[in-house]
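To start, the structure under review is shown below, and the notes come after it.
Every read-out reported here was derived from the displayed coordinates using simple, explicitly stated rules and does not represent laboratory data. This is a predicted model, so every value here is computed, not measured. All Cβ positions, glycine included, derive from the backbone under ideal geometry; neighbour counts span all protein chains shown.
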Ligand SMILES: Nc1ncnc2c1ncn2[C@@H]1O[C@H](COP(=O)(O)OP(=O)(O)O)[C@@H](O)[C@H]1O
Ligand SMILES: [Mg+2]
């Protein structure tokens, strides 16, 4: 479904690559956690899948297609088949929950009848059937993320990329979000989730890919947030004395909320610092969608006037 062949991405010549010699494949239907410190290349990996940024060398295949050979006019079609969820939700602030979801359908010219069926269905799936008329600022963080997930999933994409989707949420809210992503995965969508949410990763026991400095250092089919022994699955080599560390699992793994909170706090700051570098692309995308939307204004007005629609 997604394949990286010897992919290196260097944003600024002379600087260290954000992603280096990446060789990895995510199969159809998989649920993959991407873990690793801030700056280890998780978002860069996702942005390459979306063709928001191109590799400096190597190739990325999505659904069997070499992304470097997809002409720019086909990129929107590619992105329509990939749902994306972010840490900061990125809902349109002046549109209701209902409209935010409707949006994703309107831009691909979905017939109004279908929209009227699908949007309430999505609201129900994410547990917000009674909150369709709320604006984002009238919703909690967890509810906003639910709307964002509904919007990302309403087109039934074959891939859902979630970049630290629980990063701004308290632990119990985060749990609900994760369950939702797991449900989407159960329905057949490949889910790749970058996260610092140790509890989530340890609870799910799905594939864990860990990155350090742009390289994959661990790829564990049913992993935990932290490697249970300092052994790289990739190299397969046991470091000296590794045999002595076999029992490390229960000793060294910090599982307290305190440990998780420390790491989360550090990361939120670091993400904020980088945000200006990353946001313009996403804004462009939203602008593009907005332009489409204006053409659909009439349909929107009608849907808004339809009291059935948001109930
Ligand atoms: N648009 C950009 N321009 C220049 N450098 C970038 C850009 N985006 C990310 N980087 C750099 O690439 C590296 C990997 O970043 P990123 O993929 O955002 O990591 P993560 O998502 O794991 O925190 C970092 O050193 C970061 O500073
Ligand atoms: Mg990131």
Quick check: residue separation of residue 6 and residue 63 times 0.36 nm, minus the Cα distance between them. What number comes out in nm?
18.8 nm
Inter-label distance for residue 183 and residue 117, nm, one decimal - labels placed 7 Å from Cα along Cα-to-Cβ:
2.0 nm
Roughly how far apart, in whole Å, are the Cα centres of the stretch 35-73 and the stretch 113-182?
25 Å
Taking the Kirkwood radius as the inverse of the mean 1/r across Cα pairs, report the Rg/Rh of the stretch 74-197.
0.94
Where the eigenvalues come from the Cα gyration tensor of the stretch 1-120, what are the semi-axes √(5λ) of the equivalent ellipsoid, largest first, in whole Å?
31, 17, 14
